[in-house]
């Protein structure tokens, strides 16, 4: 039974990756930070099948100890401060986790067992003010946020350890990927949650920033499959993972609200305070290398993604309404 360590196992991607690896017959070690409250909601259904261990990307000795204790064959680094707006208000902390945290983990692998295969979660935010459309593995980076800059560091330090120490270390340059498990602070889930709540009479307004930003949105469950495939190859390489389609926030609004027979324009208020200090206007990836070498392709369309997220939010709030009604009866 192979063993895999996932940092950020309680996040959206971590939960889907843990499910995939369990189905593949892995022993899954999930690393979480020591806090007074840890949110296990996304992995509650598989928590008994995962071994949870405490560690921190800010503490290299904890990483070394975990690697020595569990001897994983694969490490997936999904932990980061990943919310772009927060990176503007907490840029140093973002750098500690999202940039230097990668170095600490890679160096722990170098010290304990250089044969471990390492996956780094890179991001389309590294492209930022894009130099070409679509973006490929060779497109120059131009990050437009502390988060994007930190991810660029994490990406290049992964390349550096691969070339300097012959470690099997690769990065997946993942474009935006969503699901019902996406955090509510992210615009896609903010939209689908609002559409569901407004439909059920629980809200009457949604405040958003830039509606013209365009992103390449895919389904998170598809994207974690690409992560696993990257570590099964003969040699470590970096791959763009994307759908190849770009859509605006307005289009996501239209798909989500129309699914519940609502006109989004009647409920959405643009709020200048929600604009980024430096905007990323257009991201769209070319995943043809992943298609050729990994045999990977997305399975869920943009419209299907918006609808499945709205349906999940509707089901959640309907359950809440029934529970509230039963408790007050």
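Go over the candidates 294, 314, 282 one by one and state the one that is in contact with a strand residue (DSSP E or B) (Cβ under 8 Å, 6 or more places away or on another chain) and more than 24 Å from residue 149 (Cβ to Cβ).
Of 294, 314, 282, the one residue that is in contact with a strand residue (DSSP E or B) (Cβ under 8 Å, 6 or more places away or on another chain) and more than 24 Å from residue 149 (Cβ to Cβ) is 294.
For the stretch 87-100, does any single residue satisfy the condition of being in contact with a strand residue (DSSP E or B) (Cβ under 7 Å, 6 or more places away or on another chain) and not in a strand (DSSP E or B)?
no
When you go through (1) more than 30 Å from residue 236 (Cβ to Cβ); (2) buried (at least 16 other Cβ atoms within 10 Å of the Cβ); (3) under 23 Å from the mean Cα position of the chain (by Cα); (4) touching a residue at least 60 places away in the same chain (Cβ under 8 Å) one by one for residue 307, which number turns out not to apply?
Unmet for residue 307, out of (1) more than 30 Å from residue 236 (Cβ to Cβ); (2) buried (at least 16 other Cβ atoms within 10 Å of the Cβ); (3) under 23 Å from the mean Cα position of the chain (by Cα); (4) touching a residue at least 60 places away in the same chain (Cβ under 8 Å): (4).
For the structure I just gave you, tell me whether residue 41 is surrounded by fewer than 19 Cβ atoms within 10 Å (Cβ to Cβ), under 21 Å from the mean Cα position of the chain (by Cα) and either under 19 Å from residue 170 (Cα atoms) or at pLDDT below 95 (or both).
So residue 41 fits the description; yes.
If residue 319 meets every condition in (1) touching a helix residue (DSSP H, G or I) at 6+ places or on another chain (Cβ under 9 Å); (2) closer than 26 Å to residue 11 by Cβ; (3) without any contact (Cβ under 8 Å) to a residue 24 or more places away in the chain apart from one, which number is that one?
(1)
Condition check ((1) buried (at least 22 other Cβ atoms within 10 Å of the Cβ); (2) assigned by TED's automatic domain parsing to the domain that holds residue 311) across all residues:
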position: 147; (1), (2): yes, no
position: 156; (1), (2): no, no
position: 160; (1), (2): no, no
position: 166; (1), (2): no, no
position: 173; (1), (2): yes, no
position: 195; (1), (2): yes, yes
position: 200; (1), (2): no, yes
position: 208; (1), (2): no, yes
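From the set of residues in the stretch 115-151 that are out of contact with any helix residue (DSSP H, G or I) (no Cβ under 6 Å at 6 or more places or on another chain) and assigned to a helix (DSSP H, G or I), which is farthest from residue 237 (Cα to Cα)?
149
Name, by its number, the condition in (1) farther than 16 Å from residue 219 by Cβ; (2) touching a strand residue (DSSP E or B) at 6+ places or on another chain (Cβ under 9 Å); (3) outside the structural domain of residue 87 (by TED's automatic domain parsing) that does not hold for residue 236.
Here residue 236 meets the rest and fails (3).
Tell me which of these residue 136 doesn't satisfy, since it passes every other one: (1) crowded, with 21+ Cβ neighbours inside 10 Å; (2) in contact (Cβ under 8 Å) with a residue 60 or more places away in the chain; (3) more than 18 Å from the chain's Cα centre (by Cα).
The failed condition is (1).
Give the residue that is farthest from residue 176 (Cα to Cα), with candidates limited to residues of the stretch 274-296 that are in contact with a helix residue (DSSP H, G or I) (Cβ under 7 Å, 6 or more places away or on another chain) and surrounded by 15 or more Cβ atoms within 10 Å (Cβ to Cβ).
Within the stretch 274-296, the match that is farthest from residue 176 (Cα to Cα) is 294.
The values are calculated or read from the model by the stated rules, or taken from the named source; none is laboratory data. Just so it is clear, the model here is predicted, and its values are computed rather than measured. Here Cβ is always computed from backbone atoms with ideal geometry, including for glycine, and neighbour counts include all displayed protein chains.
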